[in-house]
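Here's the structure we're looking at; comments come further down.
The values are calculated or read from the model by the stated rules, or taken from the named source; none is laboratory data. Remember, it's a predicted structure, so these values are computed and weren't measured experimentally. Here the Cβ positions follow ideal geometry from the backbone for every residue, glycine too, while neighbour counts run over all protein chains shown. These accessible areas exclude ligands, DNA and RNA; they are computed on the full protein's heavy atoms, side chains included. Shrake-Rupley method; radii C 1.70, N 1.55, O 1.52, S 1.80 Å.
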Amino acid sequence: MPNELAAVLFDMDGTLVQTEEYWGEAMFELAASLGGRMSPEARARTVGTSMRHSMQVLHADLGIVRTEEQLQADARWVEDRVAELMGTGIPWRPGARELVAAVRAAGLRTALVTTTPRRLADIVLGSIAADLGGSPFDVTVCGDEVPARKPDPAPYLQAAVALGVEPSACVVVEDSLVGVTSGLAAGMAVLGVPAMQPVPPAPGLTLWNTLVDIGVAELVEVLAAGCSAPLAGR
């Protein structure tokens with residue numbers, strides 16, 4: 001018999017909120033300041049990844065070599081610029097607000113699991129809490145609070161422990177390949193809603209095109225699918 005759904009674990013950028021565009025804008029601006037132009041293909045390879053990996057991709061794409069100190073400075077510049085852009089507004093992804101509210105109304109445990117560092121995630125969390133009248137998450141796990149970042153399973157496993165639930169009773173909602181890989185490696189069922197990069201089918205993964213009209217009943221379907229053949233997209 002399939003496990004009963006106990007918790008839903010959400011990615012943040014590109015899944016719940018439309019902030020991936022801010023990361024792209026900041027990296028394009030950094031590339032220009034370094035005398036080059038970041039290709040769309042390189043930008044796509046940074047979606048959902050750590051700042052170190054993103055900077056390595058950007059530098060390689062520009063054909064430049066940066067010292068460790070310069071890499072750290074570039075990463076900090078991008079983070080600071082993203083924080084500025086977040087100040088202009090943090091819109092929800094279509095259907096995300098309704099899904100988060102439905103999950104909370106059903107009494108399910110919830111977590112936000114993001115590669116974004118805490119200082120930026122807190123800006124988004126503040127916006128979400130202001131819109132919903134309080135935080136909808138029982139647990140939040142950020143990229144600078146884990147022993148290893150996505151695609152390692154550590155972030156999702158850490159969230160499950162904090163929630164007091166078994167991974168097999170969790171559904172992860174993700175948009176990126178590294179996030180989907182992390183959730184699957186943690187032994188969780190995953191709902192993938194790709195936004196800026198393709199995500200190939202995999203056992204345990206359900207791929208849909210949007211979160212619009214997705215509710216708890218659909219998440220129960222995702223959990224039930226488990227490690228069977230991936231479901232076709234909506």
Exclusive hit being more than 13 Å from residue 48 (Cβ to Cβ), surrounded by 21 or more Cβ atoms within 10 Å (Cβ to Cβ) and free of Cβ contacts under 8 Å to residues at least 40 places away in the same chain, set 219, 211, 205: 205
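Okay, residues lined up against (1) outside any helix (DSSP H, G or I); (2) touching an Asp or Glu at 6+ places or on another chain (Cβ under 6 Å); (3) not acidic (Asp, Glu):
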residue	(1), (2), (3)
22	no, no, yes
29	no, no, no
38	yes, yes, yes
55	no, yes, yes
76	no, no, yes
82	no, no, yes
88	yes, no, yes
94	yes, no, yes
98	no, no, no
Number of the condition not met by residue 11 [criteria: (1) under 23 Å from residue 162 (Cα atoms); (2) over 10 Å from the mean Cα position of the chain (by Cα)]: (2)
Candidates 101, 44, filtered to the one that is touching a residue at least 12 places away in the same chain (Cβ under 8 Å), within 25 Å of residue 157 (Cα to Cα), of a type in the set (A, V, I, L, M) and surrounded by fewer than 21 Cβ atoms within 10 Å (Cβ to Cβ): 101
Exclusive hit being part of a helix (DSSP H, G or I), at pLDDT 95 or above and not acidic (Asp, Glu), set 162, 202: 162
Restricting segment 117-145 to residues that are more than 17 Å from residue 88 (Cβ to Cβ) and of a type in the set (Ser, Thr, Tyr), the residue that is surrounded by the most Cβ atoms within 10 Å (Cβ to Cβ): 140
Residue count, segment 116-136 (criterion: touching a helix residue (DSSP H, G or I) at 6+ places or on another chain (Cβ under 9 Å), without any contact (Cβ under 8 Å) to a residue 40 or more places away in the chain and assigned to a loop (DSSP other than H, G, I, E, B)): 2
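Within segment 158-181, work out how many residues are without any contact (Cβ under 8 Å) to a residue 60 or more places away in the chain and either touching a Phe, Trp or Tyr at 6+ places or on another chain (Cβ under 7 Å) or open to solvent by less than 10 Å² (accessible area, probe 1.4 Å) (or both).
1
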Qualifying residue in segment 25-36 (condition: closer than 20 Å to residue 92 by Cα, open to solvent by 10 Å² or more (accessible area, probe 1.4 Å) and either over 13 Å from the mean Cα position of the chain (by Cα) or modelled with pLDDT of 95 or more (or both)): yes
Members of segment 2-20 found to be assigned to a loop (DSSP other than H, G, I, E, B) and surrounded by 21 or more Cβ atoms within 10 Å (Cβ to Cβ), listed by number: 5, 11, 12, 14, 15, 16, 19
Positions within segment 184-202 being open to solvent by less than 60 Å² (accessible area, probe 1.4 Å) and touching a helix residue (DSSP H, G or I) at 6+ places or on another chain (Cβ under 7 Å), in sequence order: 186, 187, 188, 189, 190, 191, 192, 195, 197, 199, 202
